[in-house]
Amino acid sequence: MIKKAIAVMTSGGDSPGMNAAARAVVRTALFEGVEVYGINNGYQGMVDDDIVPLDRKSVSDIIQRGGTFLGTARCMEFKTPEGRKKGFDNLVKRGVEGLVIIGGDGSLTGGSLLSKETGLPIVGLPGTIDNDVWGMDYTIGCDTAANTIVDAINKLRDTASAHRRIILVEVMGRHSGWLAMMSGIAGGAEYILVPEVKFDMDEVCTELKEMYDAGKRYSIIVVAEGAGSAVELGKIVAEKTQIDTRVSVLGHIQRGGSPTVEDRMKASMLGEKAALAIISGATNVVFGFNEGKVVGVNLFDAVNNKKTLDPELVRLSRVLA
Ligand code: ADP
Ligand code: F6P
């Protein structure tokens, strides 16, 4: 049964490519003759009834921009059944018959509860730089974020080499080490510390000292925020190695920037896929990429399973260090 009206929203931590995905949802729906509503500021906008009709022009001139033109937010009220019902009623009164949610695992979890409690058809897209959604090896924004981190590592290598220093770089990823692993390997880091793999700082420091004494000019250590504080780990390194040590916490610079071609292309393909699916009656599915192909993952599976780190990447990072 073809829908007459759908809605699209971005939620949780923003990521470069969210705009490309939302633009593709809107343009595809309009192409199919279906009305599209935009929910401003994530679930907070749904609860606050901040929902607006969108047209082609609403998504003009945004494909090249990071962030999200719809805005996003964290919303505690939506973590309650009453809050979810309030949001649902605001959609129903506009005749919205399906919702596309572009967000991370938290947002998709919220969507799974909304689906279960109200029956509203939900299609999700993995909008997060963390690359931590189960069932897929890519999330919208992870490529741009990894490139931002690698650019920072390239710059840090110059100054670390000039001063014969060890520099620790703390990157995002929340509880996942995927972003650290991708950017650490691509950035040529000597060590990549991730929450999924145990590490021994005594061992790391002994090796760092041996390499330094053998003439190695500098070392870069990428630290996933879920593995610990780079500032605290940096104190341990400085103390145990007696080598000049500095720390860079990249923070929210990793969330911004113009999306890469990969993020724009994949986000556009996923946006079209999501719009066609929700319009044709699909529900409880998250579309993503796996091994270069679009895959549909059951929404409840995606949110109830934790994505593991590819052991092959862990092995490679050790071989190449
Ligand atoms: P992300 O989607 O990037 O993981 P969050 O985890 O902050 O970001 O989730 C974004 C929003 O999704 C939250 O502010 C909340 O409104 C909703 N949400 C997250 N987890 C849940 C949950 N377990 N139940 C209901 N809503 C949730
Ligand atoms: O989930 C995306 C993310 O960037 C995480 O990597 C990070 O830990 C978190 O969001 C930061 O959240 P906030 O933007 O609310 O500080």
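Distance between the modelled labels on Met201 and Asn305, one decimal in nanometres: 3.6 nm (7 Å Cα→Cβ projection). Most tightly packed first, judged by the mean number of other beta-carbon atoms within 10 Å of their residues, the peptides 123-132, 186-195, 305-314, 241-250 read 123-132, 186-195, 241-250, 305-314.
Across the alpha-carbon set of region 275-321, the Rg to Rh ratio works out to 1.19, Rh being the Kirkwood radius.
Both the radius of gyration and Dmax for region 121-277 are 17.5, 62 Å, in that order, over alpha-carbon atoms. Panel order for Trp178, Trp134, by other beta carbons found within 10 Å of each beta carbon, from fewest to most: Trp134, Trp178.
The translational diffusion coefficient of region 223-321, from Stokes-Einstein at 25 °C and 0.890 mPa s with a Kirkwood hydrodynamic radius over alpha carbon pairs, comes to 138 µm²/s.
Electrostatic tally near Thr144: other residues with Cβ closer than 15 Å to its Cβ, Lys and Arg +1, Asp and Glu -1, net -2. For region 142-256, lysine pairs with C-alpha atoms less than 22 angstrom apart, excluding pairs fewer than eight positions apart on the same chain, total 9. Put simply, the amide H of Phe289, placed in the peptide plane, has neighbours under 5 Å in Asp137, Tyr138, Val295, leaving out anything fewer than 5 places away on its chain. DSSP assigns beta bridges within region 1-83; of those with both partners inside it, close to 45 percent run antiparallel. Based on DSSP, what percent of beta bridges with both residues in the chain are antiparallel, to the nearest 5? Antiparallel: roughly 25 percent of the beta bridges in the chain.
Working note: 222 nm ellipticity from helices only, DSSP H runs with n ≥ 4, each -39,500 (n - 2.57), summed and divided by the residues of the chain, gives -13500 deg cm²/dmol to the nearest 500. Electrostatic bookkeeping for Asp48 treats Lys and Arg as +1 and Asp and Glu as -1; over the other residues with beta carbon under 10 Å from its beta carbon, the sum is -2. When each of the peptides 158-169, 76-87 is scored by the mean number of other C-beta atoms lying within 10 Å of its residues, the order from highest to lowest reads 158-169, 76-87. Descending by average beta-carbon neighbour count within 10 Å, the peptides 221-232, 293-304 line up as 221-232, 293-304, the highest first. By other beta-carbon atoms within 10 Å, ranking Arg27, Arg65, Arg315 with the fewest at the front produces Arg315, Arg65, Arg27. Both numbers refer to the Cα atoms of the chain; Rg and Dmax are 21.4, 71 Å. Compute the signed sum of charges (Lys and Arg +1, Asp and Glu -1) over the other residues within less than 12 Å, Cβ to Cβ, of Gly251. Cβ neighbours under 12 Å give a net charge of -1.
Within a 10 angstrom radius of the beta carbon, how do Asp202, Asp143 rank from fewest other beta carbons to most?
Asp202, Asp143
The H on the amide N of Leu70, modeled in the peptide plane, is under 5 Å from the matching H of no residue at least 5 residues off or on a different chain.
Computed from the coordinates by the stated procedures, all read-outs in this text should not be read as laboratory data. Values in this document were obtained by computation on a predicted structure and should not be read as measured data. Here Cβ is always computed from backbone atoms with ideal geometry, including for glycine, and neighbour counts include all displayed protein chains.
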